[in-house]
Amino acid sequence: MEQNIFQIIWFILWGVLWAVYFTLDGFDFGLGMLLPFIAKNDVDRRVIYNAAGPFWDGNEVWLITAGGATFAAFPKTYAVMFSALYTPLLLILFALILRGVAFEFRAKEESPVWKGIWDLCLVVGSFLPALLFGVAFANFFQGLPIDWQGIMHGNTLSLLNPYGLLGGLLFVMMFIVHGALWLTIKSNGALKRRAKKVAESFWVIEMLLVIIFLVATGFFTDLWVNFFRYKWLLIIPALALLGFVAIPGFLAYGSYWKAWFSSALAILMTTAFGVAGLFPRLIPSSLNPDWSLTIYNSSSSPLTLKIMTAVALIFVPIVILYQCWTYKTFSEKVKPEFLETEEAY
Amino acid sequence: MLDVVLLSRLQFAVASLFHFLFVPLTLGLSILTAIFETLYVKTGDEDYLRAAKFWGKLFLINFALGVVTGITLEFQFGTNWSKYSMYVGDIFGSLLAIEATLAFFLESTFIAVWHFGWNRLSPKLHALSIWLVAIASNISALWILLANGWMQHPVGYTIRNGRAELTNFLEVVTNPFGWMEFMHTVSGAYILAGFFVLGISAWHLRRKREVTFFKKCFKVAAVWTLVFALFEVFNGHLHGSEVAKAQPTKLAAMESLWETKQGAPMYLLVIPDEEHERNKLELFPIPGMLSLLAYHDPGATVKGLKEWPEEERPPVALTFWSFRLMVGLGFLFAALSLWVFWKRNNPEEAPWLLRILPWVIPLPYLACELGWMVAEVGRQPWIVYGLMKTSKAVSPIAPAQVGISLLAFILVYTLLGLVDFYLLFKFARKGPSAKKTLAAPSSINA
Ligand code: HEM
């Protein structure tokens, strides 16, 4: 198939969609995972639910769009990515289902058993995707045992290799810190202090994992090759590190928004680091480099890519605009008066 | 022996039929809620505000399951139908991606704005947000049905590089089959939402609860349902002639017509006998009616199933009965909606109507599911009509994987479905909140 500029544009968009998805839904996952550890009573729990309230659904659409974009721009990658990772992907989907209904259903009955069930769904439904997305992406970075037809040789458990697990842990930790930071913005009093503490202490583990991950990436993958070939790309891991390092500084000064934005930058750039390292591959084959799925051998036709580029360039900025507007409209803390209303989760 | 194809088909059927239990109410009730809220903004009548809140609450309970079950559908093409995805992703994938970009973002973002924005937005802006949700969900229906329409009647493509590649985008987005499906599906959804509002209102009216409130809801829904129940019969008929043109095997199965006939009659009563390739019973013929309906000419030739080898025919009985029942329900809804319309100003004086209407609520759900059976089962053995067989489309995965996930789908969906309908029942019976506890949009409150 011939090469064209649209394949590169779509590769970048592909990376951006996933990166934005992890950055946004990441804090929802973090809040969900923190629920059992940081909430002391039902009011705390409801603050956590409502901290994600107006956002989680809109955040999740970035996943649907990332999936849809993969389908539209790189159909073969879409086909292989999701059939090779059949079981983990379905686990993620079931987890997301449980998480979504937990938000909607929990406040609809008063019984503690009822609430307990949905709390459990929220926790599992946040932890599993965080872990499995990390495992999946680390395995993409490392390469999947796919043959020339894109058929996976190796079972689901083989994904739980050391580097894959490291990726999973890293994602979990990034999202926990990200969620705790969001909670410092959204809450008050004791809950806020606990959130700050959690962010500070988990940040240490996060930082450690980041360093191990960057080093391990050198051993387990060839992602770094691109960065040494095109030195300017090093700005990406540099920004990621800058984001991570800035978090405790801002926290110490009580600049909670800035701390959260640093964490957002770090997650964005960590994803971008992996994606840039893959270029021009989408899923490398660990069996034979020639069997890797690349933007050249798995893309849609130039016409489809052109149309999709037009759609994306017009509508994605509009989406970003109105989503920013909602973040601004609902930027207030979750107040006790709000929890009294019928609408509150 | 259960193979991957069968298991994947079952899983897709479970996932999509279940998803479609929630979609139509979203499509219709979003607009009705928007209408109620607009009436409130225009008239200041607080009952309409309570109506927006009451129906909106039911909308949200329903919406939650619609969203989460929709995500699995988006990914099923990759997990279970990877060969299909590779073969047609160039066209089909782009329609899905456009749906997400244009519609899902708008819908999911503004439903949250509406849900959480009662005290933060002006009444007009708040009403606008539910309109955006309504528009977005209907736009999403359009794109997904254009995608399904392409599977039913592929256009604007060529076979190149071993796959279907797009050659004419305009043809794909103006595909008459897709537009037919869109009109038919959304009006079906509006009927469903209409009877939902009518049924719940009738239940309360019969018990003399909140009579003024529910009379207002009843009246709006009565007009609404009449319009779409009548339109549905009409566009369903047009849809049928589109099927006759594009998918003659499906038409033959819908009517259980085995032999090719010139001036084909329509039998009011038919019992197909698939095994012997005939009908056990054919009674009450209307001469030339099938030809007339399908081709707008009573003398036209309609092809029978025997024109095609057995392996190219869809399952006849399932397609036939689903179609018959849907059409029967369609006429029932038209008749009921006339009765409802006639009594729209004084429903409390029609005790029988009030008694019947709550029981009608499940019927449009049934009609919608049956419609999908016709459309999807009737298209078999093709996944893309005339272009790709379903058996060639599945992923190279192990049957056990699909077997386990299928069981998981059935289990999780059954439980969640039960919870969801329980909550809908609970809040529907509870009725609207009393006037004083209401938080009105900010400027009215101030
Ligand atoms: C006299 C009444 C009706 C006629 C003549 C009719 C006709 C049709 C036809 C021909 C199809 C198959 C299209 C295909 O193969 O793609 C269909 C599908 C369908 N029908 Fe009906 N229908 C009627 C009433 C209804 C009603 C009342 C509902 C729901 C409330 C409904 C919901 C559906 C749905 C959801 C589909 C699948 C989507 C589609 O193909 O459009 N139909 N109908």
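Numbers below:
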item: Odd one out for B:Glu275, checked against (1) within 29 Å of B:Lys389 (Cα to Cα); (2) crowded, with 19+ Cβ neighbours inside 10 Å; (3) not basic (Lys, Arg); result: (2)
item: Cβ pairs under 6 Å, 6+ apart, first in segment B:173-188 and modelled with pLDDT of 95 or more, second among the polar types (S, T, N, Q) and surrounded by fewer than 23 Cβ atoms within 10 Å (Cβ to Cβ); result: B:Met183/B:Asn235; B:His184/B:Asn235
item: Segment B:112-127: number of residues that are part of a helix (DSSP H, G or I) and either farther than 21 Å from A:Tyr49 by Cα or within 7 Å of chain A (Cβ to nearest Cβ) (or both); result: 9
item: Residue within segment A:266-273 that is over 30 Å from B:Gly156 (Cα atoms), away from chain B (no Cβ under 12 Å) and either modelled with pLDDT under 90 or touching a Leu at 6+ places or on another chain (Cβ under 7 Å) (or both) present; result: yes
item: Condition met for A:Lys40 (surrounded by fewer than 22 Cβ atoms within 10 Å (Cβ to Cβ), in a helix (DSSP H, G or I) and not acidic (Asp, Glu)); result: no
item: Candidate set from segment B:388-400 (those that are facing another protein chain (nearest Cβ under 10 Å) and closer than 22 Å to B:Gly70 by Cβ); member that is farthest from the chain's Cα centre (by Cα); result: B:Ser395
item: Hey, B:Phe213 under 30 Å from B:Asp90 (Cα atoms), away from the ligand (no atom under 15 Å from the Cβ) and at pLDDT below 95 or not; result: no
item: Hits in segment B:75-96 - residues which are within 7 Å of chain A (Cβ to nearest Cβ) and of a type in the set (Ser, Thr, Tyr); result: B:Thr79, B:Ser82, B:Ser85, B:Ser94
item: Test: B:Phe425 is more than 30 Å from A:Pro75 (Cα to Cα), in a helix (DSSP H, G or I) and away from chain A (no Cβ under 14 Å); result: no
item: Unique match (being closer than 25 Å to A:Tyr296 by Cα and either more than 7 Å from every other protein chain (Cβ to nearest Cβ) or not in a helix (DSSP H, G or I) (or both)) among A:Thr77, A:Thr65; result: A:Thr77
item: Condition broken by B:Ser201, with the remaining ones in (1) within 16 Å of the ligand (Cβ to nearest atom); (2) crowded, with 23+ Cβ neighbours inside 10 Å; (3) not hydrophobic (A, V, I, L, M, F, W, C) satisfied; result: (1)
item: Residue that is more than 9 Å from the ligand (Cβ to nearest atom), crowded, with 22+ Cβ neighbours inside 10 Å, among the aliphatic types (A, V, I, L, M) and assigned to a helix (DSSP H, G or I), where the choices are B:Ala229, B:Ala189, B:Ala221; result: B:Ala221
item: Segment B:234-267 - residue that is more than 14 Å from the ligand (Cβ to nearest atom) and surrounded by fewer than 18 Cβ atoms within 10 Å (Cβ to Cβ) and, of those, farthest from B:Lys306 (Cα to Cα); result: B:Gly263
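Let's see how each residue does on (1) within 14 Å of chain A (Cβ to nearest Cβ); (2) touching a residue at least 24 places away in the same chain (Cβ under 8 Å); (3) among the charged types (D, E, K, R); (4) away from the ligand (no atom under 13 Å from the Cβ):
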position	(1), (2), (3), (4)
B:Gly304	no, yes, no, yes
B:Arg313	no, yes, yes, yes
B:Ser322	no, yes, no, no
B:Val327	no, yes, no, no
B:Arg355	no, yes, yes, yes
B:Gly386	no, yes, no, yes
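The values are calculated or read from the model by the stated rules, or taken from the named source; none is laboratory data. This is a predicted model, so every value here is computed, not measured. Neighbour counts are summed over all protein chains in view; Cβ atoms, including those assigned to glycine, are modelled from backbone coordinates with ideal geometry.
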